[in-house]
Structure formats: structure tokens, C-alpha cells
1. So Ala260 clears everything in (1) free of Cβ contacts under 8 Å to residues at least 24 places away in the same chain; (2) farther than 22 Å from Val145 by Cα except one condition, right? Which one?
2. Regarding Glu195, is this residue surrounded by fewer than 21 Cβ atoms within 10 Å (Cβ to Cβ) and of a type in the set (D, E, K, R)?
3. Could you say whether any residue in region 285-293 is of a type in the set (Lys, Arg), surrounded by fewer than 18 Cβ atoms within 10 Å (Cβ to Cβ) and part of a helix (DSSP H, G or I)?
4. Identify all residues within region 273-295 that are in contact (Cβ under 8 Å) with a residue 60 or more places away in the chain and touching a Leu at 6+ places or on another chain (Cβ under 8 Å); write none if there are none.
5. Quick one: in region 134-169, which of the residues that are acidic (Asp, Glu) and not in a loop (DSSP other than H, G, I, E, B) is farthest from Glu224 (Cα to Cα)?
6. Just a yes or no: is a residue in region 239-255 of a type in the set (Val, Ile, Thr) and in a helix (DSSP H, G or I)?
7. What tally of residues in region 212-233 results from selecting those that are within 15 Å of Trp247 (Cβ to Cβ), out of contact with any Lys or Arg (no Cβ under 6 Å at 6 or more places or on another chain) and of a type in the set (Asp, Glu)?
8. Give region 279-331 a look and list any residue that's aromatic (Phe, Trp, Tyr) and either under 22 Å from the mean Cα position of the chain (by Cα) or more than 21 Å from Asp210 (Cβ to Cβ) (or both), or say none.
Amino acid sequence: PSVIQQGQNIRVLYPCNAMLARLRTTLSAPRFSLSLYRPFSSLVLPPSHNLYQFNNRKKNKMKFSTSVLSVLALSAGYTSAFAPLASNNAFSTSLGMAVYPLETAGETGTESFRLGFQDPESKKAISPWHDIPLEGATEGTYNMVVEIPKMTKAKMEVATKEEQNPIAQDIKKGVLRDYHGPIFWNYGCLPQTWEDPNVEHPELKCFGDDDPIDVVEIGGSALEMGSVKEVKPLGVLAMIDDGELDWKVLAVAIDDPLAAEYNDIDDVPAAVKDGIREWFRWYKTPDDKPLNSFGFDEKFLDVAYTKEVIEETNAAWKKLKEDGSEKLWLN
């Protein structure tokens, strides 16, 4: 791969494998880094590229708007992800999606921490549960709101009872909740879904857990908390936790190399499926909780069934919005 440098304000690095390039440039606002991902390829940005926009040479600055950066990345077949270098605001984006600014409040690891979402145009606060669309821009995909990056322990979640539903750390009996070991996959939820606690599953004879449906993303990259990723569904596992039905959708980000290999649950190696099931079976036992169980003979169900489950939870969310709730924040 080639490395191109232009002045002092931009540089291209090639760390390894999936993360092939990082551009750093000076914007009129605080500086941001732009990571471009395209597995098994190289990124070449010639100075003659027609998306380069220069200020006058005396200032010696490269002028990029976030929209130009997105167009540049997407036109080259890359997925862009913005992260702040010197700002309290963060930007995350998925292929074919708008950029959702994130606003932090409080300190991580405390009860006060909140990660809020904003509308990309108006910058007004929005709900990641209610305002981000369920379906992705690519046919057959869904948007995943990332709550817990892989290899972390803090139990972060969309706060369904709080105004605008920011991401916060779960609290049990007055104590911030952490897993007793890291989760090995990215974990989050699908917006505009809800597992209805008032409806009994006809086969499993248990009720929903009163939350958006969960997603376990099995790609190779650790996804940032608050990022919104387009994912391809692969299967679903019917976990029963304390008598409640808690579906786990197995998925892969569409910009991950595995997305080209995996299209249905049988494509996923048995060791991966077994590892996910056993992690969720045992993860509460250090707190003297019983083992979780699973329906349908503990099998992951195929992608067709997965989409049916997602459609059912989306219909339940729509009904929830119509009927209202005394304890959940619904806009």
C-alpha cells in the first residue's frame, strides 16, 4: 500500500489488516481523526483528488467538511468512523447512514455518566431507541446501536426509562454493574424494537424482558460505544433469563470481512455459536444467580426466523408507542 503526505496537516498510516488508514487533518472546528476501513485493500489519496479543497496556501491548511470526508470514504468503498481528538463531541457513522453526534455527560465509571445522541441536522437530542430507524440503508440489514464494545466489562445499556434514552451503566441494588469478565463480542440493541412483557411466547411459554432486542456482533473489530452500525442478521438464540424471554440476535457488521463469508447461521463456526451460548449461560453465576436456559433445544435459529422475530418486536414497539407507558420514556 502507498502512503501519501500533504503538508503538515494530513498523514496516512497503515496499522494492520482491517484498519488500513488513519487520516488526521485540521478542521475549522476542533480536530478530528477519520478512520477508513476496507479489508485486504489499500487506500491511495493523490493530491490531485477532486475532493481535496485547499484554503489559501499561506494558511497551509487542508479544508474538509464532514460531508466531504464521508463522500470521499464512501465513494472509495470505505466505511468512515469519526472520533474526537480534542472535543467533548463525537461522531459515528455506518456505511450509507447519516452521522449521529454524541454528547457525553458525567464521568465514565460513575452513576452520572450519560451518552446522548443528537440529530445530525438540528443537533437536537434524539432517542437511540425511538428515533434511529430499525432498517439499515442496505437491503436486508438492520441498524445496531452499540452499547458494549467487545473485550470490555461495564454493563452499558440504553436507558429506556430516562428522557431521550441515553446510554448509561446499569445499576443493581445501588451498585454499578460490571461483568465478571470481558464480553468477547460487540453487544448492543436494535432500535425501534421491544420485547413485550405482556405477551407470552406460544411455544416457550414465557414473556418478553421489557427491553429492545439484543444483538451480539461477531466481527473482528471492537466497535465504539454509541456507534450505529449496519449489521447483517445471521441467527437468533432464545435465552430465558429469570423466566423472561431475552432474544439474542447474532449478526455481523456489513463492513467486516466476515460479512462476505457469513449469510446464515450454518455459515457461522460451531465453536463461535457454542462460545456465545455458554457465555450467556454462565455469566450471572458469580452473583449466585442460576444458569440461564435456552429454548428450541438450545439451537441458534436461522436468518429467516430471526427476521420474523425482529419484525414481531418492531410491531410490539409500534404498539407500545401507540398505547403509551407509565414507566418507559417514549418521546
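1. Result: Ala260 fails condition (2) only.
2. For Glu195, the condition - surrounded by fewer than 21 Cβ atoms within 10 Å (Cβ to Cβ) and of a type in the set (D, E, K, R) - is not met.
3. Checked region 285-293: no residue is of a type in the set (Lys, Arg), surrounded by fewer than 18 Cβ atoms within 10 Å (Cβ to Cβ) and part of a helix (DSSP H, G or I).
4. Result: Ile276, Gly295.
5. Filtering first and then ranking leaves Glu135.
6. No, every residue in region 239-255 fails to be of a type in the set (Val, Ile, Thr) and in a helix (DSSP H, G or I).
7. 1
8. Selection gives Trp279, Phe280, Trp282, Tyr283, Phe296, Phe300, Tyr305, Trp317, Trp329.
Bear in mind these aren't lab numbers, they're just calculated from the coordinates by the rules spelled out. The structure presented is a predicted model; accordingly, all values stated were derived computationally and were not measured. Every residue, glycine among them, receives a Cβ derived from its backbone with ideal geometry; neighbour counts consider all protein chains shown.
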